[in-house]
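J.: Below is a structure I'd like to ask you about.
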Amino acid sequence: MELLRITTSSKEYPVFIGNGVIHQLTEFVKTELSSFTKVCLIVDSAVADLYLKDLQPALAELEIAIYKAPSGEQAKTFDVYYEIMSFLLDQKLDRKSIIVALGGGAIGDLAGFVAATYMRGIRFIQVPTTILAHDSAVGGKVAINHPKGKNMIGAFHQPEAVFYDLEFLHTLPAKEKRSGFAEVIKHGLIHDVVFYAHLRDRLQSLEEVPPSDLQAFLKRGIEIKGDFVSEDETEQNVRAYLNFGHTLGHAIEAEMGYGGWTHGESVAVGMIFALQLSRKKLKLKFNVEDFKSWLSILGYETTIPESVSHEKLLQRMKQDKKSVGQQIHFVLLKEIGKPELCELSDEELLEELAHF
Ligand SMILES: NC(=O)c1ccc[n+]([C@@H]2O[C@H](COP(=O)([O-])OP(=O)(O)OC[C@H]3O[C@@H](n4cnc5c(N)ncnc54)[C@H](O)[C@@H]3O)[C@@H](O)[C@H]2O)c1
Ligand SMILES: [Zn+2]
């Protein structure tokens, strides 16, 4: 087991990483979260089917109320949010109660937003079950979606702790592994050239990552996320660098209708695009072709799907929460590990997309 500490201006909390760490959750709640009243577990229904029966003995002492939410993105809706609020009131949770989120990033975001707003905010614990959630479980951004846009209703609310039990990851479909690893690669590219080189060297298949490597990669990914979050909890400056690959990535994900391509698969193409732009605008020295062939070996698409119109991608990028006054900002790299924010004109972007 490994223990990391995330320090932000609003809270400091532990991240436990390793096989079987879920079994320490009950003890943690009893000893560290003093004077708690009730605990409610909000769980992804697919994860519940796979794991809940086995987990119940470990959680029995806490007499948990269990709410099974729809799996994945379907959970991040107003309807589900409202239903959970009613459930918590029926179950008589109060301001000293605790929410536990068990699932991928979607459940973490939903349960975190519930915790941020129920009775003006109660404590919560993240128990991520996907590789992607090494990213989303840390940092305190929580949200649900509006039909007009993803993550449009949200808050900053840090968890009390993160229990990242790597045993859960065995059942992840290949697509979801790809989705998560794109963020691990991103963390290397934006912050740590040695880690990136290590990933490039060690990672040749996402299906056969040795457990010790997996733990080390995810731990480093979380540390890097933690570094950005502790410097800039509410994204006034450097936290924005975590959006590397996401400006175009989000646009592709949306144009593909959410779910056609996973978040990380879309971000992978966004990173290739951002790396090419970085070569051009900031003289980055980097072999993009080699990066593309590595991503292909790992099972990623490396080009924008033909069915997607460049004009529509541009419009999506302008609507992005990160755009300022319709001007698109890209995170580019001047060196691996050294990001910079660059403003790009529409013409320039359309030109680049045409040659991508
Ligand atoms: N808050 C943040 O900082 C942040 C950062 C990145 C992403 N996100 C959010 O995270 C969400 C994506 O998270 P995700 O990629 O984890 O997806 P997800 O939560 O939608 O899970 C993906 C799929 O995997 C299934 N699943 C989860 N765990 C499993 C397991 N152990 N075995 C088998 N199947 C399992 C789920 O049921 C779902 O179908 C998005 O909503 C995104 O907006 C938030
Ligand atoms: Zn992301």
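J.: Could you tell me whether Tyr300 is within 16 Å of ligand 2 (Cβ to nearest atom) and surrounded by fewer than 16 Cβ atoms within 10 Å (Cβ to Cβ)?
T.: no
J.: Let me ask something else. Would you check which residues across segment 123-143 are away from ligand 2 (no atom under 16 Å from the Cβ) and either surrounded by fewer than 24 Cβ atoms within 10 Å (Cβ to Cβ) or assigned by the TED database to the domain that holds Ala251 (or both) and list them?
T.: The answer is Arg123, and nothing else.
J.: Can you tell me which residue within segment 257-285, out of those that are part of a loop (DSSP other than H, G, I, E, B) and over 20 Å from Phe181 (Cα atoms), is modelled with the lowest pLDDT?
T.: Looking at the filtered set, the residue picked out is Gly257.
J.: If you don't mind, another one. For residues that are away from ligand 2 (no atom under 16 Å from the Cβ) and open to solvent by less than 20 Å² (accessible area, probe 1.4 Å), scanning just segment 48-78, find the one that is nearest to Gln91 (Cα to Cα).
T.: Ala65
J.: Within segment 227-250, can you find the residues that are assigned to a loop (DSSP other than H, G, I, E, B) and within 13 Å of ligand 2 (Cβ to nearest atom)?
T.: Correct list: Phe244, Gly245.
J.: Going through segment 151-194 one residue at a time, which ones are of a type outside the set (Ser, Thr, Tyr), in contact with a helix residue (DSSP H, G or I) (Cβ under 9 Å, 6 or more places away or on another chain), closer than 20 Å to Leu298 by Cβ and near ligand 1 (Cβ under 9 Å from one of its atoms)?
T.: Leu169, Leu172, Lys175, Glu176, Gly180, Glu183
J.: If I ask for residues that are buried (at least 18 other Cβ atoms within 10 Å of the Cβ) and either within 14 Å of Asp165 (Cα to Cα) or more than 24 Å from the chain's Cα centre (by Cα) (or both), which ones from segment 5-17 would you list?
T.: Val15, Phe16, Ile17
J.: Residue check, Lys148 against (1) open to solvent by 50 Å² or more (accessible area, probe 1.4 Å); (2) modelled with pLDDT under 95; (3) within 16 Å of ligand 2 (Cβ to nearest atom), all met but one. Which one?
T.: Only one criterion in (1) open to solvent by 50 Å² or more (accessible area, probe 1.4 Å); (2) modelled with pLDDT under 95; (3) within 16 Å of ligand 2 (Cβ to nearest atom) is unmet by Lys148, namely (3).
J.: Let me ask something else about it. Kindly provide the set of residues from segment 306-355 that are in a loop (DSSP other than H, G, I, E, B) and either free of Cβ contacts under 8 Å to residues at least 40 places away in the same chain or under 30 Å from His146 (Cβ atoms) (or both), ordered by number. Don't jump to the end; show me each part of the working.
T.: Here is the first cut: in segment 306-355, the residues in a loop (DSSP other than H, G, I, E, B) are 306-309, 320-323, 325-326, 336-337, 345, 355.
Hits for segment 306-355 are Glu306, Ser307, Val308, Ser309, Asp320, Lys321, Lys322, Ser323, Gly325, Gln326, Ser345, His355.
J.: From the set of residues in segment 102-122 that are free of Cβ contacts under 8 Å to residues at least 60 places away in the same chain, in a helix (DSSP H, G or I) and more than 11 Å from ligand 1 (Cβ to nearest atom), which is most open to solvent (accessible area, probe 1.4 Å)?
T.: Result: Arg120.
J.: Okay, moving on. Only residues that are closer than 12 Å to Ile64 by Cα and either touching a residue at least 60 places away in the same chain (Cβ under 8 Å) or assigned to a helix (DSSP H, G or I) (or both): list them for segment 76-98, please.
T.: Within segment 76-98, Leu88, Ser97, Ile98 qualify.
The values are calculated or read from the model by the stated rules, or taken from the named source; none is laboratory data. None of these values were measured; they are calculated from a predicted model. With ideal geometry, Cβ positions are generated from the backbone for all residues, glycine too; neighbour counts draw on all protein chains shown. Ligands, DNA and RNA are excluded from the accessible area calculation, which covers all protein heavy atoms including side chains. Shrake-Rupley method; radii C 1.70, N 1.55, O 1.52, S 1.80 Å.
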